[in-house]
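K.L.:
Pasting in a structure now, in structure tokens, and then I'll have a few things to ask.
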Amino acid sequence: MTEPIRILVVDDHPLLRAGIVGIIDDEPDLQVVGEASDGEEAVCLAAELKPDVVCMDLRMPVCDGATATARIARSGPSAPRILVLTTYDTDADILRAVEAGASGYLLKDAPPDVLLRGIRDAAWGQTVLAPGVASRLMNSMRSTAERLTARETEVLSLVAEGYSNAEVGRQLFISGDTVKTHLQRIYVKLGADDRTGAVTEARKRGWLT
């Protein structure tokens, strides 16, 4: 007989936690091995109980879910898969959870069958995302990728002040060729053709004062 999937349920609301546990306990191939009411307790129990999947709430006292997710995900090659189960679906929450190492992201209003399928999929190594979350995640990551890096912002700020490439290089202790490379990347990110266009667009987006 195949061993059941071992699950740790983490939520600071006792009634919600009990409801999740009740749904899971009705399934013969799933087993709740522990419950935690905050992220710090979740980290300790994950190390002690070694579950296959952690159903993780996000906003909790003591230690929030994203921080706990990151700590558990870094615990080693045998770290459990983490399925975020939350009422929050903002881009910031989604991106932070995924960057922390979550294997999936579901909302608490998901039907029981979706939750159960999500737990099984997570245990089997698949990515689990609530409807609409995948596209929002991609858009959020794309937006982040298109932002200027700290160095690119420094280069463009000096360009905006009228410095030449050579002068920018001397100010930042980098070569003129490196300045050109940064500017080329800046042009692509801002959809600009030249220095003036890049500065104008960056100001429109509020990236330069």
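The values are calculated or read from the model by the stated rules, or taken from the named source; none is laboratory data. No experiment lies behind these values; they were computed from the predicted model shown. For neighbour counting, all protein chains shown are included, and Cβ atoms are generated from backbone atoms with ideal geometry for every residue, glycine included. To get the accessible areas, we keep the full protein, side chains included, count just its heavy atoms, and leave off ligands, DNA and RNA. Shrake-Rupley method; radii C 1.70, N 1.55, O 1.52, S 1.80 Å.
K.L.:
Quote the Stokes-Einstein diffusion coefficient, in whole µm² s⁻¹, for the range 27-87, based on the Kirkwood radius over alpha carbon pairs, a temperature of 10 °C and a viscosity of 1.306 mPa s.
P.N.:
In µm²/s, the coefficient is 137.
K.L.:
So for the range 1-131, averaging the separation of alpha carbon pairs under 8 Å that are six or more residues apart and normalising by length, what relative contact order in percent results?
P.N.:
It rounds to 21 percent for the range 1-131.
K.L.:
Determine the share of the range 147-209's accessible area contributed by carbon and sulfur atoms, expressed in whole percent, with a 1.4 angstrom probe. Display every interim value, and only then the final one.
P.N.:
Working: 1820 of 3810 Å².
Roughly 48 percent of what the probe reaches on the range 147-209 is carbon or sulfur.
K.L.:
Could you tell me the extents of the chain's C-alpha atoms along the three principal axes, largest first, rounded to whole Å?
P.N.:
70, 33, 30
K.L.:
Just grab the label-to-label distance for Arg74 and Thr2, each label 7 Å out from Cα along the Cβ direction, in nm (one decimal).
P.N.:
That separation, rounded to one decimal, is 3.4 nm.
K.L.:
Given a Förster distance of 41 angstrom, what is the FRET efficiency for Asp177 paired with Cys44, based on the Cβ-Cβ distance and rounded to 0.05? Each step should come with its number before you reach the end.
P.N.:
Working: r = 52 Å, r/R0 = 1.26.
Efficiency for this residue pair is about 0.20.
K.L.:
So for the chain, taking the charge dipole from beta-carbon charges (+1 Lys/Arg, -1 Asp/Glu), which of Gly197, Val32, Trp124 sits furthest toward the positive end?
P.N.:
Of the options given, the answer is Gly197.
K.L.:
Contour minus end-to-end for Arg120 and Tyr88, with contour as 0.36 nm per residue of separation and end-to-end as the Cα-Cα distance?
P.N.:
On the way: separation 32, 0.36 × 32 = 11.52 nm, distance 2.21 nm.
Contour length minus Cα-Cα distance gives 9.3 nm.
K.L.:
If you take the beta carbon distance between Asp113 and Val62 as r and set R0 to 30 Å, what does 1/(1 + (r/R0)^6) give as a FRET efficiency, to the nearest 0.05?
P.N.:
Values: r = 32 Å, r/R0 = 1.07.
According to the calculation, E is roughly 0.40.
K.L.:
Where only protein heavy atoms count, and the probe is 1.4 Å, what is the accessible area per residue for the chain in Å²? Display every interim value, and only then the final one.
P.N.:
Numbers: 11170 Å² over 209 residues.
Computed with neighbouring chains in place, this is 53 Å² per residue.
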